[in-house]
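Comments concern the structure below.
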Amino acid sequence: MDAETKERLMMPGPPVEAPKLSPTIRLAALTRREENKVIEMRRKHAYRRCKDAMRLFSECSSNHTIAVVWKCSEIKGIMNECLRRANTVDDMDRARAIFIERKTRKLAEGKDKPRTLIG
């Protein structure tokens, strides 16, 4: 595999569009469960952005059983580099913005209840 092809595979696709949030909404206002959902959303976005590299590794690993460690190590490195580039702080902020926008839309439509403290 030539260097140009490797670099092309390491570059993730375009990031997901995130809505513009109001400055009054704090990004830290998520529960741990919601933060886990945001992390899972970011992973899915990264997988979609690196689908070519992941497809190549999947094909390589399905053709080799025990030898996958040696035969697919270069492709695995390419896939991991692509995923590393696709999982930045900006991507996490985009995922949070998407989650908060969906959450506020559900609250506005009455499909979700706001969190309240029991006191």
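The values are calculated or read from the model by the stated rules, or taken from the named source; none is laboratory data. Predicted, not measured: the structure shown is a model, and the values here were computed from it. Here Cβ is always computed from backbone atoms with ideal geometry, including for glycine, and neighbour counts include all displayed protein chains. When the accessible area is computed, the model is the full protein with side chains, heavy atoms only, and any ligands, DNA or RNA have been set aside. Shrake-Rupley method; radii C 1.70, N 1.55, O 1.52, S 1.80 Å.
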First in region 86-98 and more than 14 Å from residue 20 (Cβ to Cβ), second anywhere and outside any loop (DSSP other than H, G, I, E, B) and open to solvent by 60 Å² or more (accessible area, probe 1.4 Å), Cβ under 8 Å, 6 or more apart: 87/43
If you go through region 15-29 one residue at a time, do you hit one that is of a type in the set (Lys, Arg) and surrounded by 15 or more Cβ atoms within 10 Å (Cβ to Cβ)? no
Taking the residues in region 56-65 that are more than 17 Å from residue 85 (Cβ to Cβ) and assigned to a helix (DSSP H, G or I) as candidates, determine which candidate is farthest from the chain's Cα centre (by Cα). 63
Looking at 33, 49, can you tell me which residue is within 29 Å of residue 105 (Cα to Cα), touching a helix residue (DSSP H, G or I) at 6+ places or on another chain (Cβ under 9 Å) and either loosely packed, with under 12 Cβ neighbours inside 10 Å or touching a residue at least 24 places away in the same chain (Cβ under 8 Å) (or both)? 49
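From the set of residues in region 52-85 that are among the β-branched types (Val, Ile, Thr) and buried (at least 17 other Cβ atoms within 10 Å of the Cβ), which is farthest from residue 16 (Cα to Cα)?
Residue satisfying both the conditions and the ranking: 75.
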